[in-house]
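J.: I have a structure I would like to understand better, so I am pasting it below and will then ask my questions one at a time.
The values are calculated or read from the model by the stated rules, or taken from the named source; none is laboratory data. Since this is a predicted model, take the numbers as computed values, not measurements. Backbone-built Cβ (ideal geometry, glycine too); neighbour counts: all protein chains shown.
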Amino acid sequence: MSFEPKPTRRKVDAEYRTIYIKNELVEKINDSALKYETSFNNIVVSILEDFFENNE
């Protein structure tokens, strides 16, 4: 299964949440954001959306 982050979208209704992520995962997310030329947040949201779309 290959991962592809979703394109950045227009602003949608959203909530601000704080989560704690292990430094090791932060580094991996940052690396992916650089690779795909997108934001840290977009990578995290894309991963979560992909997970829920494929596990319903």
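J.: Any residue in segment 10-25 that is small (Gly, Ala, Ser), in a loop (DSSP other than H, G, I, E, B), at negative phi and more than 9 Å from the chain's Cα centre (by Cα)?
T.: Scanning segment 10-25 turns up at least one residue that is small (Gly, Ala, Ser), in a loop (DSSP other than H, G, I, E, B), at negative phi and more than 9 Å from the chain's Cα centre (by Cα).
J.: Among the polar types (S, T, N, Q), at pLDDT 95 or above and not in a loop (DSSP other than H, G, I, E, B): is that true of Asn42 in this structure?
T.: no
J.: Those residues that are under 23 Å from Asn55 (Cβ atoms) and among the β-branched types (Val, Ile, Thr), I need them from segment 1-37; list them, please.
T.: Val12, Ile19, Ile21, Ile29
J.: Filter segment 26-39 down to residues that are outside any helix (DSSP H, G or I), under 13 Å from Lys6 (Cβ atoms) and not β-branched (Val, Ile, Thr), then give me how many there are.
T.: Matching residues across segment 26-39 total 1.
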